[in-house]
Amino acid sequence: MINSACLIVSKPLGVEISALGIRTAWACHQNGFECKLVFVEEGVWCLTDKPGYHNSMIKDFLGEDGEVVCVREDLEKRGIDEDALVDGVELIDADEVAEICEDFETVNYF
């Protein structure tokens, strides 16, 4: 039985697959799974603090002690300032993603 999941979101804001990744993390978290949302590549746009469905789900996830991390280099490549992100997001270096994935029983890529 799987008890932990790492959910990687790589698709941009407004793409349904990125919302699916966030909703999956929420469902896992609410059902007692250890899980972490990792935003990479174009997925970092989902973390900008703009009103909308993605933003609402991320804030709810963080509000329930969910873990959300974002790759610093992917923000920089897209010219996004860390102050533009939803509060509570942890920045990590790209080389940390593999380590994070190794700590979980399953990794899902959205």
Region 1-103: percent of C-alpha pairs farther apart than 23 Å? 17 percent
Between N31 and L91, take the C-beta separation as r, use R0 = 22 Å, and let me know the FRET efficiency to the nearest 0.05. 0.20
Degrees separating the helix 53-63 axis from the principal Cα axis of the chain, which is the longest one: 60 degrees
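Taking the highest mean first, how do the peptides 81-90, 4-13 order by number of other beta carbon atoms within 10 angstrom per residue?
Working: 81-90: 13.3, 4-13: 20.8.
Put in order of decreasing packing, that is 4-13, 81-90.
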What size of dipole, in debye to the nearest 20, comes out for region 45-101 about its Cα centre when the only charges are +1 on Lys and Arg C-beta atoms and -1 on Asp and Glu C-beta atoms? 380 debye
Rg/Rh of region 13-68 (Cα atoms, Kirkwood Rh), to two decimals, equals 0.93
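Working out 0.36 nm times the residue gap between E41 and D83, then minus their Cα-Cα distance, what length gain in nm do you get to one decimal? Numbers along the way, then the final one.
Working: separation 42, 0.36 × 42 = 15.12 nm, distance 1.80 nm.
Contour length minus Cα-Cα distance gives 13.3 nm.
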Helix axis angle, 16-30 relative to the chain longest principal axis, alpha carbon, degrees: 50 degrees
Kindly work out what percent of the DSSP beta bridges joining two residues of the chain are antiparallel, to the nearest 5. 5 percent
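Rounding to the nearest 20 debye, state how big the charge dipole of the chain is about its Cα centre with +1 on each Lys and Arg Cβ and -1 on each Asp and Glu Cβ.
On the way: 8 positive and 24 negative charges, 125 e Å.
The dipole of the chain has a size of about 600 debye.
We did not get these values from a lab; they are worked out from the coordinates using the rules stated. None of the values given here were measured: they were computed from a predicted structure. Cβ: placed from backbone, ideal geometry, glycine included. Neighbour counts: every protein chain shown.
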